[in-house]
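Derivation of every value follows stated rules applied to the coordinates shown; laboratory data play no part. Given the structure is predicted, the values throughout are model-derived calculations rather than measurements. Please note: Cβ atoms are built from the backbone with ideal geometry, for glycine as well, and neighbour counts cover all protein chains shown.
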Amino acid sequence: MSLASYIGCNIELPITDDEYSNDSLYIGGCFAGDKDLQNVKKYQFTTPYVYEVSSHWGIEITEYMNQKTCAESKKKLLELCERMNGYLKQGDYFELYSCWVGEEDEKREGELSLHINNFDIDLIKIPEKTLVRFEK
């Protein structure tokens, strides 16, 4: 199984043309299929547009995970927020949700709201099945 991360937002975003990229983070398909995207949109997000944000693994930040993978997740999250900051208008938001592929319709285990430009990456915890709302 694979850990996938999804974002939901109120605007259309450009997606990576190829199916897979070696970039640290890209918006486009990797692990999830159309059904997975539909389920995460229906069960987790409040937004009309849903995308998988991909790399080699989803975004998860907890003290229980491998430190290298956690550091990579922190880097990806900061890059995602930087990109989304360029797309969003003041007062808008995007949502982030990570789970194992196939578990998109399961009950979420937590929720968190953060300001897109004002959080300490070393103090937050984002375990799987946590919906994070980033407000601009």
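Under the classification rounded if a/c is under 1.5, otherwise prolate if a/b is larger than b/c and oblate if not, where does the chain fall, given a ≥ b ≥ c as square roots of the Cα gyration tensor eigenvalues?
Because its axes are fairly even, with a/c under 1.5, the chain counts as rounded.
Could you work out how much longer the chain between HIS115 and LYS68 gets when fully extended? Use 0.36 nm per residue separation minus the Cα distance between them, nm to one decimal.
Result: 14.4 nm gained on full extension.
Quick one: 3J(HN,Hα) in Hz for the stretch 7-12, Karplus 6.51/-1.76/1.60 with θ = phi - 60°, rounded, Gly and Pro as x.
Residue by residue, the stretch 7-12 yields 10, x, 8, 9, 10, 6 Hz.
Using a simple charge model, +1 on the beta-carbon of Lys and Arg, -1 on the beta-carbon of Asp and Glu, nothing else, what dipole does the stretch 3-135 show about its Cα centre, in debye to the nearest 20?
Roughly 260 debye, rounded to the nearest 20.
Which far-off residues, 5 or more places away or on another chain, put their amide H under 5 Å from the one on ILE61, with H placed in the peptide plane?
Close amide H contacts, sequence-distant or interchain: ILE126.
I need the phi-derived Karplus couplings for the stretch 104-119: 6.51 cos²θ - 1.76 cosθ + 1.60, θ = phi - 60°, integer Hz, Gly and Pro marked x.
So the J values, rounded to whole Hz, are 5, 9, 7, 4, 6, 9, x, 9, 8, 10, 9, 7, 4, 10, 9, 8.
Can you work out the Karplus-derived ³J(HN,Hα) for every residue in the stretch 122-136? Use 6.51 cos²θ - 1.76 cosθ + 1.60 with θ = phi - 60°, whole Hz, and x for glycine or proline.
Here the 3J(HN,Hα) series is 7, 10, 8, 10, 10, x, 4, 6, 10, 8, 10, 9, 9, 9, 9 Hz.
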